[in-house]
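Student: Please read through the structure below; I'll follow up with questions.
The values are calculated or read from the model by the stated rules, or taken from the named source; none is laboratory data. The shown structure was predicted, so the numbers you read here are calculated from the model rather than taken from an experiment. FYI the Cβ positions are ideal-geometry reconstructions off the backbone, even for glycines, and counts take in every protein chain you see.
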Amino acid sequence: MLYKKSDIPLMDELIANLPDFLANGYDEDVRAFTRSIQAKPQQVFLFERHFDALAFDNLIHWTGTPSQDATLAKVAASEEQMRQFLEGMGRPYESYLIVTNHGTEITFEVGWRDQMAGNVVWDRWIEAVDDPVMAFANAGFLFDLLDYQCATRPTEKPEPPLYCYHPERFKAYRDYAEIVAKFYRQKVEPQSGMLTVPQLNEVMRVVFTELNRRSMDYPRRLKESHPAPSLVIEAEETLATAYGRFVQAGRQIMDFPPALTEMLAKTDIDDIPLNSIKLPYASQYLYFGPQVALELEPGWFVDGAYVEQRGLSGDVRFTITAAPDDHSLSRQWYLFPEAEYTQDFVESFRSMDLATAIDTVLSDRLAALKAHQDRNGGDITAAVQAEFVKNGVAMPDAVRVVDVGPQMAVTRDEIARRRHPIYKAALQLAVNALCYVSAYPDDIETVWPEGTPVSLKEKVLSGKGKEQMRAKSKLAALGYVPVHICGKRIAEQRTLHGIHPQEHAHVSTHWRRGHWRNQVHGPARSLRKLIWVMPVIVGAKDHDDPEAGHLYLVS
């Protein structure tokens, strides 16, 4: 709780005694006294109040340690930068300082209390100090509001054991994830997974609440170089809805090991119609591992995709995910938008081949962005005020409204064009993976990941009833879920034929690309099934013969 100095009354006996006590500067007696009260906030407040009053009246001329002087200079510099930033804000504010004593270190937080936004953090840092009480007393005079606390130093939430899978890292770092998951399980129509407008608004209210809380708690001084908040909101809407549908469908993770992923990436898919793709679940997350050749944004590498059934056969939504090279960015999702790319293919897209659908979607998206760019933007305060008056409501004073839509449309156009080639390659990989699952369902093994607590895993596998359910729930809370491993037979055949990852191949060898064939079969040849004509390695032998023979699976 922040206190005003006037909330703490001056005591005559302290005013009379403190000047002599502090006359020799920071000596052993002062150190012993501050050490005795440093875990007692109310006494620290009282000391600061009197120390400030005496210094203001020139009754003491304080001499601190070099460390204390340096700390005061740092706090004063931060407060000065904040005042310069707030010049011209147009409404009154109160500055504040919060000092939190962790023992050998303290956290300084500098900010202001805004009439409309409440407390806004300007700056925050942790450093070792020789005396937390004197650090508080030295700097208190600079601020209108003060707080002194004692608390253990906060620790970062540990990286989840299954960080590699996007649903697990998404859930680990967002408090709202389980609320959205519960909403989907209880309120969203399960066949289509489509949200009504009121439902989308309800989901986004939950997202906004946490995003705003975390953003307001992050120092404003450090935000100048961060992307526009609207880009964060768009990314969170995409990922939150994909995650909610994923949970609603039973948390199905399908892992494609490198041996299979490498071959799928070298298989052509352009002429496969979307309505020929059969999804094993209403929603699933396909994991390929970070693909170094598919950098969606600098430092963000495509690692998987959510694929959702959207109602009728052929109606599907793809959401490409990317893993950051710097894992700390996953924790700062409210500042740096996750690199992602999403698209619905519905209605007229059902019978299109994949290549045509992708190009049509990009054309439509760029045309819409061009229309936004052509709008008039800038200051629209007068228009908004007029709308307020029309509705009988007074708009708050000193509020200026700027329409940045056209400017952001330019940014989004650049993002769409930049990400599109990577998205196209990632989407081809995802569709190939789905074709594989559809064609070879027997080549899938469901396992608990390495590191899963053995005793709980055994209860899930052999227990019954409530014991089994409790064990599974506890494993989920610990960050462990079962995973479908795809392509075990592919890996075995590659080993059998001596085929190694491409980076180890001889320079004269290369892959001959594979493709899918929609083969007729069944009574009167009335049925169709996908057959994979796999990529093969060919080399510098006569007639470009395969180096290691063909791989094949029997479905």
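Student: Among L2, L72, which is under 43 Å from the mean Cα position of the chain (by Cα), within 14 Å of D130 (Cβ to Cβ) and among the aliphatic types (A, V, I, L, M)? Break it down into steps so the answer makes sense when it comes.
Tutor: Working: L2 fails: within 14 Å of D130 (Cβ to Cβ).
Criteria check complete, one pass: L72.
Student: Follow-up. Scan region 264-273 for residues that are out of contact with any helix residue (DSSP H, G or I) (no Cβ under 6 Å at 6 or more places or on another chain) and crowded, with 17+ Cβ neighbours inside 10 Å and report the count.
Tutor: So the count comes out to 1.
Student: Okay, next question. Just to be sure I understand, how many residues within region 516-555 are polar (S, T, N, Q), modelled with pLDDT of 70 or more and loosely packed, with under 11 Cβ neighbours inside 10 Å?
Tutor: 0
Student: Cβ-Cβ distance below 9 Å, separation of 6 or more or different chains: which pairs start in region 105-126 with a residue that is farther than 29 Å from S67 by Cβ and end on one that is part of a strand (DSSP E or B) and of a type in the set (S, T, N, Q)?
Tutor: Matching pairs, first to second residue: R113/S95; R113/N119.
Student: If you take the residues of region 277-296 that are crowded, with 19+ Cβ neighbours inside 10 Å and not in a loop (DSSP other than H, G, I, E, B), which of them is modelled with the lowest pLDDT?
Tutor: That would be L296.
Student: Hey, another quick one. Of the conditions (1) surrounded by 17 or more Cβ atoms within 10 Å (Cβ to Cβ); (2) within 29 Å of K223 (Cα to Cα), F349 fails just one. Which one is it?
Tutor: (2)
Student: Here's something else I'd like to know. For region 298-314, which positions are in a loop (DSSP other than H, G, I, E, B) and either of a type in the set (G, A, S) or free of Cβ contacts under 8 Å to residues at least 40 places away in the same chain (or both)?
Tutor: P298, G299, G311, L312, S313, G314
Student: Looking at (1) small (G, A, S); (2) more than 18 Å from the chain's Cα centre (by Cα); (3) surrounded by 20 or more Cβ atoms within 10 Å (Cβ to Cβ), which one does G304 not meet, given that it meets all the others?
Tutor: Of the numbered conditions (1) small (G, A, S); (2) more than 18 Å from the chain's Cα centre (by Cα); (3) surrounded by 20 or more Cβ atoms within 10 Å (Cβ to Cβ), the odd one out for G304 is (2).
Conditions tested, residue by residue: (1) modelled with pLDDT under 90; (2) over 20 Å from P19 (Cα atoms).
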position: Q42; (1), (2): no, yes
position: F47; (1), (2): no, no
position: F51; (1), (2): no, no
position: A55; (1), (2): yes, no
position: T71; (1), (2): no, yes
position: V75; (1), (2): no, yes
position: S78; (1), (2): no, yes
position: L86; (1), (2): no, yes
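Student: Report, ordered by the first and then the second residue, all pairs with beta carbons closer than 9 Å, sequence separation of six or more or different chains, a first member in region 167-183 that is free of Cβ contacts under 8 Å to residues at least 12 places away in the same chain and farther than 14 Å from T321 by Cβ, and a second member that is β-branched (V, I, T) and surrounded by 18 or more Cβ atoms within 10 Å (Cβ to Cβ).
Tutor: Pairs that qualify, where the first residue is free of Cβ contacts under 8 Å to residues at least 12 places away in the same chain and farther than 14 Å from T321 by Cβ and the partner is β-branched (V, I, T) and surrounded by 18 or more Cβ atoms within 10 Å (Cβ to Cβ), are E178/V247; K182/V247.
Student: Where in region 123-239 are there helices (runs of 4 or more DSSP H), lying fully within it, with 2 or more residues that are assigned by TED's automatic domain parsing to the domain that holds E105 and closer than 22 Å to F108 by Cβ?
Tutor: 132-139
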